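Engineer: If you scroll down you'll find the structure; I have some questions about it.
The values are calculated or read from the model by the stated rules, or taken from the named source; none is laboratory data. The shown structure was predicted, so the numbers you read here are calculated from the model rather than taken from an experiment. Cβ atoms come from the backbone with ideal geometry, glycine included; neighbour counts cover every protein chain shown. Surface accessibility is based on the protein's heavy atoms, side chains included, excluding ligands, DNA and RNA. Shrake-Rupley method; radii C 1.70, N 1.55, O 1.52, S 1.80 Å.
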Amino acid sequence: MAKVSVTDLDLNGKKVLMRLDFNVPIKDGKVGDDNRIVAALPTIKYVIEHNGRAILFSHLGRIKKEEDKPAKSLKPVAERLSKLLDKPVTFVPVTEGKQLEDAIDNLKDGDILLVQNTRYEDVKDGKYVKRESGNDPELGKYWASLGDVFVNDAFGTAHRSHASNVGIASNMKGKSAVGFLMEKEIKFLGNAVDNPERPFVAILGGAKVSDKIGVIDHLLGKADKIIIGGGMAYTFLAAKGMKVGNSLLEKDKIDLAKQIMDRAGDKLVLPVDNVVADKFDNDANTKVVEGDIDDGWQGLDIGPKTVALFESVLKDAKTVVWNGPMGVFEMPNFAKGTLAVGKYLGSLSQATTIVGGGDSTAAVKQLGVADQLTHISTGGGASLTYLEGKVLPGIQAITDKD
Ligand code: AMP
């Protein structure tokens, strides 16, 4: 069901509650990488340019005890946001009460206010009560009462049911809507999985099979091919009877890997050679091996024949979804497979290429291929949940379009 968009709302003179993802690194009281703040600007600008009074909410990190709070204040974010917009941003250092309510009452059309980190509500009077992360019904109701309409543009938390997303949306008297970032994520990930242009190829990598079982399971019914690389490939190779030496192996998932391979038939594409190392170190001795990996050696990247095989599978793809690196990309000597796959995806001008968040996003950015891909998802957990075919509560709670 399509969701109401921020562009469908009447914003003029309205108090617009907005859930954004300002979960940015803070060092010495200053914002480090401000990508997430920059990414939120179009929706904030749209709201204030349409005379809304923007009341912004976000979480920052985790708060489990009172002492966690000072380092997780959103004040530095208010300062950076104000610079980026070249406009004052009122920062309210609390998450409820008179100070917040008065500040909201004082807002004029087009003004912006940032509420303190929503997870301050997780610790009250020194106790870890998880009011925000546990979606305390009273908290969602209270926050919802502070505004007229709600805009959720935080995809990264959409797979979680928190007071500041699901709580507010389900208690809003007025409409709730998705912002531009969220809309883009739904469009690309949703279309890729539910209505892909074919052939649809999924590339899955990363450390563990156990993290991606739900994704493999769901995509087996959707994709034309599933390419498996990274550490998780070795559990599949072991299930085929290959020796994997000291490579990453989940022994308790070998049977499951066998079942998946039986179901998948030739849909599943596994590595045919590997770059193996004599220790987990960038400066380890390395060699490329086809077939069995001897004890004392571990596979840390896919080999050149595998890159060629994967490219041949990807050649005619019209939709590609990628989640998880092909090797230990953090070490330059084992980043080649991930880089080659990323570069090849970048060259597929006829295909919609989507990177599904988390480590793969970090990999394509670090390797400088992000610009050549169609969509880089901002949410690791949220995009995995999407690829598992599950409902994202943060999106579900938004008003349906008529
Ligand atoms: P994930 O969070 O499941 O996507 O896993 C990402 C992590 O998997 C990265 O930190 C990679 O270094 C790691 N990884 C990828 N391939 C391998 C491998 N062959 N051996 C060990 N770790 C790997």
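Engineer: Assess whether GLU197 counts as being touching a Lys or Arg at 6+ places or on another chain (Cβ under 6 Å) and surrounded by fewer than 23 Cβ atoms within 10 Å (Cβ to Cβ).
Structural biologist: yes
Engineer: OK, next. Please find, within the stretch 144-155, the residue that is nearest to ILE44 (Cα to Cα) out of those that are open to solvent by less than 20 Å² (accessible area, probe 1.4 Å) and part of a helix (DSSP H, G or I).
Structural biologist: PHE155
Engineer: Is it fair to say GLY291 is in the same structural domain as LEU204 (by TED's automatic domain parsing), under 14 Å from ALA335 (Cα atoms) and small (Gly, Ala, Ser)?
Structural biologist: In short, no.
Engineer: Just to check your reading of the model, which residue among VAL369, VAL355, VAL320 is in contact (Cβ under 8 Å) with a residue 60 or more places away in the chain and β-branched (Val, Ile, Thr)?
Structural biologist: VAL320
Engineer: Outside any helix (DSSP H, G or I), over 24 Å from GLY190 (Cβ atoms), under 25 Å from the mean Cα position of the chain (by Cα) and modelled with pLDDT of 95 or more, is that true of LEU84?
Structural biologist: no
Engineer: Now, a different point. With the structure loaded, tell me whether ASP371 is open to solvent by 10 Å² or more (accessible area, probe 1.4 Å), within 18 Å of the chain's Cα centre (by Cα) and away from the ligand (no atom under 16 Å from the Cβ) or whether it fails that test.
Structural biologist: yes
Engineer: Among the residues of the stretch 219-239 satisfying the criterion of being of a type outside the set (Gly, Ala, Ser) and open to solvent by 10 Å² or more (accessible area, probe 1.4 Å), which is farthest from the ligand (Cβ to nearest atom)?
Structural biologist: Within the stretch 219-239, the match that is farthest from the ligand (Cβ to nearest atom) is ASP224.
Engineer: Kindly state which strands (runs of 3 or more DSSP E) lie completely within the stretch 280-343 and contain at least 1 residues that are within 16 Å of the ligand (Cβ to nearest atom) and at pLDDT below 95.
Structural biologist: So the answer is 319-323.
Engineer: Filter the stretch 344-367 down to residues that are crowded, with 22+ Cβ neighbours inside 10 Å, within 12 Å of the ligand (Cβ to nearest atom) and assigned to a helix (DSSP H, G or I) and give me whichever is farthest from the chain's Cα centre (by Cα).
Structural biologist: Top of the filtered list is ALA363.
Engineer: All but one of (1) of a type outside the set (Asp, Glu); (2) touching a Leu at 6+ places or on another chain (Cβ under 8 Å); (3) surrounded by 19 or more Cβ atoms within 10 Å (Cβ to Cβ) hold for LYS72; which doesn't?
Structural biologist: (3)
Engineer: Could I ask something else about it? Could you run through the stretch 117-130 and say how many residues are open to solvent by 50 Å² or more (accessible area, probe 1.4 Å) and in contact with a strand residue (DSSP E or B) (Cβ under 8 Å, 6 or more places away or on another chain)?
Structural biologist: 1
Engineer: Residues of the stretch 11-58 being in contact (Cβ under 8 Å) with a residue 60 or more places away in the chain, open to solvent by 10 Å² or more (accessible area, probe 1.4 Å) and assigned to a loop (DSSP other than H, G, I, E, B), which ones?
Structural biologist: ASN12, GLY13, LYS14, ASP21, ASN23, listed by residue number.
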